[in-house]
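First the structure, in the form of structure tokens, and then the observations on it.
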Amino acid sequence: MALVVVNDLHKSFGDLEVLKGIDLEIEAGEVVSIIGRSGSGKSTFLRCLNQLEHHDWGTIHLADQRLDGGAMSPGELSQNVGMVFQSFNLFPHKTVIENVMLAPVVVKQTPRAEARQVAEQMLDKVGMLEKIDAYPGQLSGGQQQRVAIARALAMQPKVLLCDEVTSALDPELVGEVLHVLESLAAEGMTLILVTHEMKFARDVSHRVVFMHHGHIHEAGDPQTLFTQPKTSELSQFIASIL
Amino acid sequence: MTDFTLWDIVRNLLLAGRWTVVLSLIAFAGGAFVGLMLTLLRMGGLWPIRWLVRLYVDLFQGTPLLMQLFLAYFGAAVLGFDISAWTAASVALTLFTSAFLCDIWRGCVEAVPSGQWQAARVLGLNYLQSMRHVILPQALRLAVPPTVGFSVQVIKGTALASVIGFVELTKAGTMLNNAAFAPFTIFALVALGYFILCYPLSRYARYLERKLYGAGSR
Amino acid sequence: MTLDFSTLLPYLDEILEGLVTTVWLTVATTFVGIALAIVVAYVRDGAPGIASSLLGAYVEVTRNTPFIVQLFFLFFGLPALGVPISATVAALLAMVLNLGAYTAEILRAGIDSTARGQHEAARALGLSRLQSFRHVVLVPAFSRVYPSLISQCIIVMLGSAVVSQISVFDLTYAANFIQSRNFRGFEVYLVVTLIYLLLAVGLRLGFEFVGRRLFAFRQGGSS
């Protein structure tokens, strides 16, 4: 069975129905890019996957376990699903290593020495080991985002959600973050990304999902999807961003 | 000892409460006038004047109001005047209020973007004209909420006049308590009196502030 | 008009005793009052309920009544209800409650200005509301409102002059005491006022010193 199984997901904000029944299965080790116009519901969908938004209808299973509807505590959730945000959201008063160690120590109750070891390992993975004692305010956007990735990984989640993680970065800093994601993909990490980086979606992901008006409008392997879009909406979208 | 009914207590407190209101009004009006003069001096004057105003503000903000009252009371005696508690309280509270308002208003004037000064200068307005037509109208808008908010501090400050013997709400409370000995009731009523005066002003200040800065703060 | 400060000299001990009382009352109030404010701000930041409403009422009543009335209410009122209380305890309690209410409101402004992303990041990492408040929200909130906090602590220290009115031997009580002996009111109050001024300056410097260490993350940082 697939690692993530999403069944008939619905979500409304007031009268506005943002998700109109999403079904999606994601295998372990798969890299899935979600694309679509703003307002298509892609970010909301991502935020439902770790319950930052509570959906109105439908179910989400992770490794055969129910994830939504309060079935998992926030602590359990964070050990299953990690998230990286567009605006990094590092904690400004904590150093790089403290940012990464916080959740393992506080939520997972990992002994500090062990948590530090894991944190250093993760920071090494994102190439931020030498900035361990810096505060976020002293780092570039790209560096902050790499720390944010390490922070999410330190909880050793089964899936990593990335919500437009390069959109707030200066163009010259996008590469270093994408590079980290690429190496994670190569290691077999399951990644679900909402992204505007079409080149990355095409080159790195195994599957691309195009969302439109709260539905999954089209999905498939990146090569076919980008070169032979089946629907006019997708071909218009592709035309508009190229 | 005479028996006091609740009504006796309330009536006496209400009568004394009038003086709390009057003293507050005097301190606020006097303080606003002196404070405005100080603000203008501080914003425009020569550096020794600006420095003196700053010292004045720091002195009043850095010392207890109670001491300011004592000093006004005893200072007048040293100068050879025999002033009443009433005068001493009015003077001390006026000076106290002026220092705080000066500080609040200076902040508001400084909060007007410097581009406004430059724009006014470019148009050929001199200092006073820029101040009057460009800066002050904008600063005034910013100044209203904190000024209303500070009026609450003035009202509460008048309670200290009781210490130098001025009979207002608090002094009436202690006097009544000496006679009737019902401290819990009496001081609760005294507190209620201040609350009735202050709370609407606090709410109003908060409302104005929210209106000024939008719905950002709850 | 002649000023004569030499008549103060025999009373140095009293001034010192008063100074010590004022200082320890201020220091104790600062710690306990801020701790109280943190609890109040945390409860009021949560879902509306009885506790939140009661604490809201406490904050509003305290902020809209004079400190001297609060002091009298506690010192005279509590014994009348059968709760014996010494002048010193009443003074400390009144000061703590006063600083707690103001600081809770100051802190609330800092908490309210916490970026939404900070809450979301904390939630995504699995932190509970209390953990998030403690580890994520609190320190940056304090750093944002620190100047107001300093001013408030100074205001409470200066306001403590009023505890002399219930015979706590603080700096002002010492001044009143000396004045009643040497009848040099103006000189005594002038000297004691200057001591208060120095205390206010010292308190501010101390706070700024602590702040530079506590909020080191702000230096060179934009967020």
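Laboratory data are not the source of any read-out in this text; all were calculated from the coordinates shown. Model, not experiment: these values are computed from the prediction. Ideal geometry is used to build each Cβ from the backbone, glycine not excepted, and the neighbour counts take in all protein chains shown.
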Cα-Cα separations in the range A:21-110 greater than 15 Å, expressed as whole percent | 68 percent
Site residue A:76, offset 7 angstrom along Cα→Cβ, radius 15 Å on amide nitrogen, limited to the range A:40-54, gives A:50-51
Per the Kirkwood treatment, what hydrodynamic radius in Å, one decimal, follows for chain C from the mean inverse distance over all distinct Cα pairs?
-> 19.5 Å
Give the Debye-formula value of log10 I(q)/I(0) at each listed q (0.11, 0.23, 0.24 Å⁻¹), with one equal scatterer per alpha carbon of the range A:61-131, two decimals each.
-> -0.33, -1.12, -1.16
Rounded to two decimals, the Rg over Rh value of the range A:197-242 from Cα coordinates and the Kirkwood Rh reads 0.92
Kirkwood hydrodynamic radius for chain B: how many Å is it when counted over pairs of different Cα atoms?
-> 19.4 Å
Given q = 0.20, 0.21, 0.24, 0.26 Å⁻¹, what are the Debye log10 I(q)/I(0) values for the range C:31-98, with equal point scatterers placed on the Cα positions and solvent ignored?
-> -0.88, -0.94, -1.06, -1.12
The range A:225-233 - phi-based ³J(HN,Hα) in whole Hz, Karplus 6.51/-1.76/1.60, Gly and Pro as x = 4, 7, 8, 10, x, 7, 10, 5, 4
In whole Å, what three semi-axes, largest first, describe the equivalent ellipsoid of the range C:1-122 built from its Cα gyration tensor (square root of 5 times each eigenvalue)?
-> 37, 20, 12
Can you work out D for chain A in µm² s⁻¹ from Stokes-Einstein, where Rh is the Kirkwood radius over C-alpha pairs, the temperature is 25 °C and the viscosity is 0.890 mPa s?
-> 134 µm²/s
What FRET efficiency do you get for residue A:114 and residue A:172 if R0 is 51 Å and r is their Cβ-Cβ distance, rounded to the nearest 0.05?
-> 0.90
Sorted by Cβ density within 10 Å, fewest first, the residues A:108, B:156 | A:108, B:156
Computed over the range C:71-116, Kirkwood Rh from alpha-carbon pairs, angstrom | 12.2 Å
Can you put C:113, C:151 in order, fewest other beta carbons within 10 Å first?
-> C:113, C:151
DSSP bridge orientation in chain A - percent antiparallel, rounded to nearest 5 | 55 percent
Could you give the semi-axes, largest first, of the ellipsoid that matches the range C:122-223, computed as the square roots of 5 times the alpha carbon gyration tensor eigenvalues and rounded to whole Å?
-> 42, 16, 8
Rotationally averaged projected area of the range B:83-151 (alpha carbon convex hull; nm²) | 5.5 nm²
Which number do you get for Rg(Cα) / (2.2 N^0.38 Å) in the range C:1-42?
-> 1.96
Using the C-alpha atoms of the protein assembly as shown, what convex hull volume per residue, in cubic angstrom, is computed?
-> 218 Å³
Using modelled backbone amide H atoms (1.01 Å from N, in-plane), which distant-in-sequence or interchain residues come within less than 5 Å of residue A:83's amide H?
-> A:161
Within the protein assembly as shown, what percent of beta bridges assigned by DSSP are antiparallel, to the nearest 5?
-> 55 percent
The range B:136-199 to the range C:155-223: how many Å between their Cα centroids?
-> 23 Å
May I have the extent of the alpha carbons of the range A:1-40 along their three principal axes, as whole Å values ordered from largest to smallest?
-> 36, 21, 10
Counting pairs of alpha carbon atoms under 8 Å apart in space and at least six apart in sequence, what relative contact order in percent does chain B give?
-> 29 percent
